[in-house]
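Structure record follows, encoded as C-alpha cells.
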Amino acid sequence: MPESRLGQYQRIVILTGAGVSAESGIATFRDAGGLWENHDPMEIATPEAFARDPGLVYRFYNARREQLRNVDANPGHRAIARLQREFAGEVFLVTQNVDDLHERGGSEQVCHMHGELRAALCLHCGARHRTESSFDHATPCPDCAVSGGLRPDIVWFGEMPYHMQEIDVHLARCDLFISVGTSGQVYPAAGFVREALAAGADTIEINKDTSGVSTWFHQQRQGPSGELLPRLVEEILGAGA
Ligand code: OAD
C-alpha cells in the first residue's frame, strides 16, 4: 500500500478495541493482567451466567461503570475525533468498547457494536436507558416501572452485536479500513478486515503487538495507539490538504 494513496481516500471505517482505551487506564481483556485473566468470561459475559448468578454479573459491570468516573479520553481517542471533524470524506467509527471514551474524546458518531456500560436494557419492555449509576435486579425500569428485568446493555457471548446492517453497509463501500487495539479474537469484528478487503479497501492495523488477523492488513503499525493514531491522522489530513 503506497504512502501516496493516503490523500486519495473518500470513505474510511475505523474499528477500535480495548487497546485504544488502555492508555486511559482501562484494562484490556486478553493482555497480561487483562479482565479475562481474573474472570472466566463464561461466568460473567453470557446470558446463561446472568441467569445463574445475576449478583456476580451486576457487581462486575457496576464496578466497571464506576471506574469510568476516574478515567478520561487519551490522544488516540482525540485523534479519531479530529479525523471525523476535519476529513473531507466520510469517517465511520465502530467500536467494540463499552466505555464512553470516544464520546469524551470528541467523537459525535460512535457505533457501539457491543453495547455500552452506561446503559441498561429492560428485559420486560425492551427499553434501553442511559445510566451512570449502579443498578441490580431490585432497580425498577424507568420506562415500565417493573423490577427484576434490568440488565447491563452489553452484548454477551452468544448474542448478536448491535448495528450489524449499518456496519456492513459502511464496510462494503469503504476505501480505507483502520483497525486499532483489538486482538482479532472475537467475531464478527475480527472478520471486518476481510469484508473491507473484499470491497477493495486498503487496510492498516495499529496494535502494540501482532493480532490474530494481522496478516490480512496491507500495513501494520506496531506501537501504542496514543502515539500512532495522532501520527496517522496527521498523515491522512496532511496528504489530503
Ligand atoms: P483484547 O483484550 O482481546 O485485545 C486488546 C488488544 O489491544 C491486543 O491485541 C493488544 O495488543 C492491544 N493493545 C493493548 N494496549 C495497546 C495500546 N496502548 N495501543 C495499541 N494496542 C494496544 O480486546 P478486544 O480485541 O477489544 O467483548 O476484545 C474484543 C472483545 O472481547 C471485547 O469487546 C469483549 C471481549 O470479550 C465482549 O465483552 C462481548
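Could you give the length gained by full extension between Ala127 and Gln10, i.e. 0.36 nm per residue of separation minus their alpha carbon distance, to one decimal place? Present the calculation step by step, with values, prior to reporting the outcome.
Values: separation 117, 0.36 × 117 = 42.12 nm, distance 3.61 nm.
Between Ala127 and Gln10, full extension yields an extra 38.5 nm.
Rank Tyr162, Leu123, Phe92 by how far each Cα sits towards the positive end of the charge dipole of the stretch 69-220 (+1 on Lys, Arg Cβ; -1 on Asp, Glu Cβ) and give me just the farthest.
Leu123
Mind checking which helices in the chain clear 15 Å along their axis (Cα) and have mean Kyte-Doolittle hydropathy of -1.0 or more, DSSP H runs only?
Working: long enough: 54-67 (20 Å, -1.14); 75-86 (16 Å, -1.15); 225-240 (22 Å, 0.44).
Qualifying helices: 225-240.
Which distance in Å, rounded to a whole number, links the C-alpha centroids of the stretch 190-241 and the stretch 66-108?
Value for the Cα centre distance between the two parts: 16 Å.
How high is the FRET efficiency between Ala198 and His163 when r is their beta carbon distance and R₀ equals 22 Å, given to the nearest 0.05? The partial results should precede the final answer.
Numbers: r = 19 Å, r/R0 = 0.89.
Efficiency at R0 = 22 Å is approximately 0.70.
Return the calculated 222 nm mean residue ellipticity for the chain, to the nearest 500 deg cm²/dmol, obtained by summing -39500 (n - 2.57) across DSSP H runs with n ≥ 4 and dividing by the residue count. Each step should come with its number before you reach the end.
Numbers: 10 runs with 81 residues, N = 241.
Only helices count here, giving -9000 deg cm²/dmol.
Every number here is computed from the coordinates shown, using simple stated rules; none is lab data. Note that the structure is predicted; figures quoted are calculated from it, not measured. Every residue, glycine among them, receives a Cβ derived from its backbone with ideal geometry; neighbour counts consider all protein chains shown.
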